[in-house]
């Protein structure tokens, strides 16, 4: 009976060495949050120009279409999807299907669990193979999006778009 308070973490035991949770942890979290907000503010105020592509700093001439538009790196794969489709409507449909594909893949909560179960019971993990192909096609689309539009890059971009969409669909249905 005397050991029970010690087993439950010392409830009911008064000690001067205990640190109260409320003010201490709240102030620690507030300090970390203020550091994070300050870092984000500094990045927003002073760091965007250094991280941007130098082609985006050229003054705009409204009468000449630029040969190559350079989006930020995280938009390059979707820019490649838009760049390799010749019609605007088709490019928009493929672009929207790639975004829907990405949204559906993010909603699969049990994909990692399924991969682990199948890896445990199968000698060859099929799902991780599809994930690797999907990631490599995304990386390839990023490379194609950063390249100047030429016939070979457009062909490779179309192939990578087909692989990206089909592997994403297979992962959604698997």
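The values are calculated or read from the model by the stated rules, or taken from the named source; none is laboratory data. Here the structure is a predicted model, which is why all the values come from computation and not from measurement. Glycine gets a Cβ as well: all are built from the backbone with ideal geometry, and neighbour counts include every protein chain shown.
Residue by residue, here is whether (1) more than 16 Å from the chain's Cα centre (by Cα); (2) modelled with pLDDT under 80; (3) surrounded by 10 or more Cβ atoms within 10 Å (Cβ to Cβ); (4) on the phi < 0 side of the Ramachandran plot holds:
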{"residue": "51", "(1), (2), (3), (4)": "yes, yes, no, yes"}
{"residue": "54", "(1), (2), (3), (4)": "yes, yes, no, yes"}
{"residue": "62", "(1), (2), (3), (4)": "yes, yes, no, yes"}
{"residue": "75", "(1), (2), (3), (4)": "no, no, yes, yes"}
{"residue": "94", "(1), (2), (3), (4)": "yes, no, yes, yes"}
Residue 70 at pLDDT below 85, within 20 Å of residue 141 (Cβ to Cβ) and either under 19 Å from the mean Cα position of the chain (by Cα) or surrounded by 12 or more Cβ atoms within 10 Å (Cβ to Cβ) (or both) | yes
For residue 135, work out the one condition from (1) surrounded by fewer than 14 Cβ atoms within 10 Å (Cβ to Cβ); (2) closer than 16 Å to residue 101 by Cβ; (3) in contact (Cβ under 8 Å) with a residue 12 or more places away in the chain it doesn't fulfil.
-> (3)
